[in-house]
1. Collect the residues in the range 200-215 that are out of contact with any helix residue (DSSP H, G or I) (no Cβ under 7 Å at 6 or more places or on another chain) and under 13 Å from residue 47 (Cβ atoms), keeping them in residue-number order.
2. Have a look at 106, 156, 112, 135 and point out the one that is under 19 Å from residue 17 (Cα atoms), touching a residue at least 12 places away in the same chain (Cβ under 8 Å), part of a helix (DSSP H, G or I) and touching a strand residue (DSSP E or B) at 6+ places or on another chain (Cβ under 6 Å).
3. Please indicate, with yes or no, whether at least one residue in the range 78-95 is loosely packed, with under 13 Cβ neighbours inside 10 Å, in contact (Cβ under 8 Å) with a residue 40 or more places away in the chain and not in a loop (DSSP other than H, G, I, E, B).
4. What is the one condition in (1) within 16 Å of residue 93 (Cβ to Cβ); (2) buried (at least 18 other Cβ atoms within 10 Å of the Cβ); (3) over 12 Å from the mean Cα position of the chain (by Cα) that residue 147 does not satisfy?
5. What single numbered condition from (1) closer than 17 Å to residue 9 by Cβ; (2) at pLDDT below 95 fails to hold for residue 105?
6. Do we find that residue 138 is within 28 Å of residue 188 (Cα to Cα) and more than 13 Å from the chain's Cα centre (by Cα) in this structure?
7. Which one of these is within 23 Å of residue 212 (Cβ to Cβ), at pLDDT 95 or above and within 13 Å of the chain's Cα centre (by Cα): 44, 17?
8. Restricting the range 152-167 to residues that are farther than 15 Å from residue 37 by Cα and modelled with pLDDT of 85 or more, which is surrounded by the most Cβ atoms within 10 Å (Cβ to Cβ)?
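The values are calculated or read from the model by the stated rules, or taken from the named source; none is laboratory data. Model, not experiment: these values are computed from the prediction. Cβ: placed from backbone, ideal geometry, glycine included. Neighbour counts: every protein chain shown.
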């Protein structure tokens with residue numbers, strides 16, 4: 001399948017994964033967590049960030065990783081533990097792995113869209129913050145379908161919490177289903193990765209549904225990021 005994302009988006013995604021892995025189990029810094037969220041939102045195609053915005057974000061991510069793991073930039077014995085991830089590995093995977101890893105990635109992009117405004121309103125959740133590091137790292141691991149499905153279930157759980165916090169103080173969103181769901185930005189692109197077998201397993205065993213991200217939800221956060229950066 002032809003990769004639907006530009007090389008620039010892939011490069012930024014790989015750098016975000018490298019940053020998350022560089023943090024390992026050290027104390028998470030709020031500024032790093034926010035940078036991961038902002039970086040993920042920047043990689044959403046429908047958000048419409050231009051090449052300059054992508055380049056600027058990539059530079060911020062790499063500077064932050066060099067600050068956290070300064071020795072890695074000059075180390076001659078590359079271990080790969082903090083290296084930028086080659087996203088091409090996802091596109092070259094078998095169709096079920098490609099679908100699930102793409103879904104986890106799309107899901108945490110959606111979580112970032114809802115987490116950033118929620119944090120601004122005082123609804124911060126450490127469990128969600130920690131999940132960004134876990135999910136980004138897991139994408140880089142060589143795992144099987146049965147290993148990835150529970151992570152997808154966690155994506156749905158975090159998605160629900162973020163959407164609930166996002167909607168506090170706003171009119172109730174009647175479009176969200178009662179069962180577990182994952183809100184997907186770039187939904188049309190995601191559909192091209194779906195495999196019926198794995199989607200059926202998700203529905204039967206985890207009762208997870210996929211729904212497209214409302215355009216107005218994405219616009220709220222992209223407008224703020226465009227203004228602040």
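1. Answer for the range 200-215, where residues must be out of contact with any helix residue (DSSP H, G or I) (no Cβ under 7 Å at 6 or more places or on another chain) and under 13 Å from residue 47 (Cβ atoms): just 215.
2. Values: 156 fails: under 19 Å from residue 17 (Cα atoms); 112 fails: touching a strand residue (DSSP E or B) at 6+ places or on another chain (Cβ under 6 Å); 135 fails: touching a strand residue (DSSP E or B) at 6+ places or on another chain (Cβ under 6 Å).
From the options 106, 156, 112, 135, the qualifying one is 106.
3. Checking the range 78-95: at least one residue is loosely packed, with under 13 Cβ neighbours inside 10 Å, in contact (Cβ under 8 Å) with a residue 40 or more places away in the chain and not in a loop (DSSP other than H, G, I, E, B).
4. So residue 147 meets the others, but not (2).
5. Among (1) closer than 17 Å to residue 9 by Cβ; (2) at pLDDT below 95, residue 105 violates only (2).
6. On the way: within 28 Å of residue 188 (Cα to Cα): yes; more than 13 Å from the chain's Cα centre (by Cα): no.
For residue 138, the condition - within 28 Å of residue 188 (Cα to Cα) and more than 13 Å from the chain's Cα centre (by Cα) - is not met.
7. None of the others qualify; the one that does is 44.
8. 152
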